[in-house]
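The values are calculated or read from the model by the stated rules, or taken from the named source; none is laboratory data. No experiment lies behind these values; they were computed from the predicted model shown. Using ideal geometry, Cβ is built from the backbone for each residue, glycine included, and neighbour counts are taken over all protein chains shown.
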């Protein structure tokens with residue numbers, strides 16, 4: 001089995017910041033040798049004030065998951081007409097398809113958004129689909145619990161617990177927000193032909209996949225790939241904590257398609273990328289109506 005199971009080396013997140021209001025651990029797909037697919041980018045970020053202007057996306061889903069310990073909401077605006085808070089513990093999935101514009105920001109005093117921004121690639125067959133978005137509130141996210149284990153099944157399924165909103169996904173994708181107490185263990189089955197990325201938010205943990213072992217400290221990530229020729233339909237990924245730890249699992253079917261990217265635009269060819277850039281410049285992605293500041 002081992003030749004059909006691949007694990008990346010441990011990758012430390014790249015520290016990045018913008019001013020004093022945004023800081024993050026950043027991961028790009030190029031650091032994992034293709035094993036991060038279908039995830040293109042992951043940012044584990046903190047934001048205390050509006051930082052980004054409205055910006056375009058195409059060819060991907062821009063996924064925001066706000067951790068439960070955030071203070072205040074991350075407020076979403078997009079060119080599809082959606083506007084509202086992404087509250088602590090909520091998921092917002094923005095499938096950009098052929099192109100749309102959005103922005104997300106904390107609003108008001110004393111806000112501290114603690115969240116993930118995930119770029120999930122769309123297959124070639126769906127890169128020119130119409131954009132759409134859906135939202136999952138905190139109370140709509142089911143949990144798996146065992147002694148010393150709490151897993152929020154933000155999308156997909158694990159250990160017999162499924163999120164019903166997963167039917168809205170453009171492609172199957174599992175996002176698990178996982179908490180282990182000291183000396184606890186948890187297993188999640190990764191399906192044949194899928195890749196998985198594990199990121200340690202806090203604490204430390206040991207990961208064992210078919211005898212291949214990696215140790216993660218907070219801010220580290222590793223990716224796992226199960227070849228489609230594997231005889232088993234799934235392989236357990238075992239997580240063991242030496243201390244209290246918090247980690248996330250991101251997984252989906254590997255696309256194994258070429259990537260041409262320019263920031264938040266991800267297509268399959270350079271020609272497609274240039275076409276989408278021109279479409280955005282021509283106003284085809286729509287526009288956002290932002291609220292006007294209140295005069296004091």
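Applying the set (1) under 26 Å from residue 62 (Cα atoms); (2) over 17 Å from the mean Cα position of the chain (by Cα); (3) surrounded by fewer than 20 Cβ atoms within 10 Å (Cβ to Cβ) to residue 188 leaves exactly one unmet item: (3). When region 209-225 is filtered for residues that are under 22 Å from residue 159 (Cα atoms) and buried (at least 22 other Cβ atoms within 10 Å of the Cβ), the ones remaining, listed by number, are 209, 222, 223, 224, 225. Of everything in region 226-245 that is touching a strand residue (DSSP E or B) at 6+ places or on another chain (Cβ under 8 Å) and over 15 Å from residue 188 (Cβ atoms), the residue that is surrounded by the most Cβ atoms within 10 Å (Cβ to Cβ) is 230. Restricting region 134-178 to residues that are in contact with a helix residue (DSSP H, G or I) (Cβ under 6 Å, 6 or more places away or on another chain) and surrounded by 15 or more Cβ atoms within 10 Å (Cβ to Cβ) leaves a set whose member that is farthest from residue 252 (Cα to Cα) is 136. Residues that are in contact with a helix residue (DSSP H, G or I) (Cβ under 7 Å, 6 or more places away or on another chain) and either part of a strand (DSSP E or B) or modelled with pLDDT of 95 or more (or both) occur at least once in region 213-235. Cβ-Cβ distances below 8 Å connect the following pairs, each with a first residue in region 81-100 that is free of Cβ contacts under 8 Å to residues at least 12 places away in the same chain, a second residue that is outside any loop (DSSP other than H, G, I, E, B), and a separation of six or more residues or different chains: 83/75; 83/76; 83/77. The criterion of at least 2 residues that are farther than 16 Å from residue 89 by Cβ and touching a residue at least 12 places away in the same chain (Cβ under 8 Å) is met by the following strands (runs of 3 or more DSSP E) wholly inside region 123-191: 132-136, 174-180, 185-191.
Of the strands (runs of 3 or more DSSP E) lying entirely inside region 1-88, those carrying at least 2 residues that are in contact with a strand residue (DSSP E or B) (Cβ under 6 Å, 6 or more places away or on another chain) are 5-7, 14-18, 22-28, 39-47, 60-66, 74-78, 83-86. Taking the criterion of being within 24 Å of residue 172 (Cα to Cα), exposed (fewer than 15 other Cβ atoms within 10 Å of the Cβ) and touching a residue at least 12 places away in the same chain (Cβ under 8 Å), the only residue of region 2-45 that qualifies is 33. Is there a residue in region 72-86 that is within 14 Å of the chain's Cα centre (by Cα) and within 29 Å of residue 124 (Cα to Cα)? No; the residues of region 72-86 include none that is within 14 Å of the chain's Cα centre (by Cα) and within 29 Å of residue 124 (Cα to Cα). The listed residues are 259, 288, and the only one of them that is modelled with pLDDT under 95, surrounded by 10 or more Cβ atoms within 10 Å (Cβ to Cβ), closer than 30 Å to residue 175 by Cα and under 25 Å from the mean Cα position of the chain (by Cα) turns out to be 288.
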